[in-house]
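Presented below is the structure to which this report refers.
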């Protein structure tokens, strides 16, 4: 089915461990985004990507790494997880260059760092 | 600074009653405005969007929103609320340029009483 998927949906890890959250979209959208959602903050942008091998920082990038070797995938890695990274993570995709800024969201990954 | 304010953190409405969720924005350029809805445990679904043209826009699920430039507002309305409308609602603003980050409000949680 076409759409945007995230895995895992739920993850519990320990402080200091590396964690990778996966995001896959089947629309061939150029742009992909990672947001985190925290109570009282709404959604904040972590990283985004305009195309394969092109990524850039958002509002809260510290402690995260992204890559985009293929257009359809945009994994987010927490290199050494901290408790402050406990959050719900949303991946989004949307648009082509010159097109409208409409973003479609995945179901989210709820990450707990103990 | 660019920002979105949703003044109401939590609203309770009786089933069948009308609903208005407030959204105010601060944005330097022509805004592209969105309302998203997030049901419990789900991702964000786009309800409606506005960039130009008629200032009253219709969305899915019977929602509409009115853009008022003079008040920097984009309030969401529904004439008759259903129990299934209970969710969290996010207003967002951004440029009408694919690949640019959206700025989200902190959300309004809607509860529907019988």
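Read-outs: derived from the displayed coordinates by stated rules, not from any lab. In this text the structure is predicted, and so the values were computed from the model without any measurement. Cβ placement follows ideal geometry from the backbone for every residue including glycine, while neighbour counts extend to all protein chains displayed.
Annotations for the structure displayed:
- For the Cα trace of the stretch A:39-81, dividing Rg by the Kirkwood Rh returns an Rg/Rh value of 1.00.
- For chain B, built as a Gaussian network whose Cα springs stay under 10 Å, the top-fluctuating residue of B:96, B:24, B:75: B:96
- Whole-angstrom gap from the stretch A:1-23 to the stretch B:1-70, using each part's C-alpha centre: 29
- Computed Rg/Rh of the stretch B:57-114, alpha carbon atoms with Kirkwood Rh: 1.01
- Kirkwood estimate for chain A, i.e. one over the average of 1/r between Cα atoms, Å: 14.0
- Translational D in µm²/s for the protein assembly as shown (Stokes-Einstein at 20 °C, 1.002 mPa s, Kirkwood Rh from C-alpha pairs): 119
- Beta-bridge orientation, the stretch A:7-114: approximately 90 percent antiparallel, per DSSP, counting only bridges with both partners inside.
- Here the protein assembly as shown carries DSSP beta bridges of which approximately 90% are antiparallel, counting only pairs with both residues inside.
- Unit Cα scatterers, Debye sum, the stretch A:53-114: log10 I(q)/I(0) for q = 0.16, 0.20, 0.24, 0.27 Å⁻¹: -0.63, -0.95, -1.26, -1.41
- Taking a point 7 Å out from the Cα of residue A:114 in the direction of its Cβ, the residues of the stretch A:9-28 whose backbone N falls within less than 17 Å of it are A:10-19.
- Hull volume in cubic angstrom per residue (convex hull over the Cα atoms of the stretch B:16-113): 102
- Normalising the Debye intensity of the stretch B:4-50 to I(0), with uniform scatterers on Cα atoms only, and taking log10 at q = 0.24 Å⁻¹ returns -1.16.
- GNM flexibility winner over chain A from A:19, A:88, A:60 (Cα, springs under 10 Å): A:60
- You can think of it this way: the chain between residue A:57 and residue A:83 has 7.3 nm of extra reach, that is 0.36 nm per residue less the Cα-Cα gap.
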